[in-house]
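See below for the structure under consideration.
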Amino acid sequence: GLKSEEYLKISPQGKMPALVSHDDNTAVAESDSICRYLMSQYADRGPSFQPDNPKSNMIARYHDMYLTTIQNCLYKPSPPYGIY
């Protein structure tokens with residue numbers, strides 16, 4: 001289950017989604033982090049979803065900034081991340 005000791009090693013907050021890479025056994029939690037990991041890890045395979053475009057990267061950072069400000073109403077803070 002999501003609160004099992006095994007799953008909490010992958011996703012410390014016990015949330016879905018989570019990914020364990022078969023290439024290097026990297027554990028990644030949260031959909032945005034998973035997408036960024038996959039795009040970086042497999043950038044040499046297929047079309048790029050990370051254009052070398054400062055404006056595109058700026059928009060992604062704005063998204064992160066605004067999403068972070070509403071995290072408290074979406075999730076109950078818990079270790080190891082705690083309250084920022």
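The values are calculated or read from the model by the stated rules, or taken from the named source; none is laboratory data. Keep in mind it's a predicted model, so treat the numbers as computed, not measured. Areas reflect the complete protein model, heavy atoms only, side chains present, ligands, DNA and RNA absent. Shrake-Rupley method; radii C 1.70, N 1.55, O 1.52, S 1.80 Å.
Quick one: residue 57 ticks every box in (1) open to solvent by 70 Å² or more (accessible area, probe 1.4 Å); (2) part of a loop (DSSP other than H, G, I, E, B); (3) modelled with pLDDT under 85 bar one, so which box is it?
(2)
One line per residue, one yes/no per condition, for (1) open to solvent by 90 Å² or more (accessible area, probe 1.4 Å); (2) modelled with pLDDT of 70 or more; (3) part of a loop (DSSP other than H, G, I, E, B):
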site	(1), (2), (3)
2	no, yes, yes
15	no, yes, yes
34	no, yes, no
61	yes, no, no
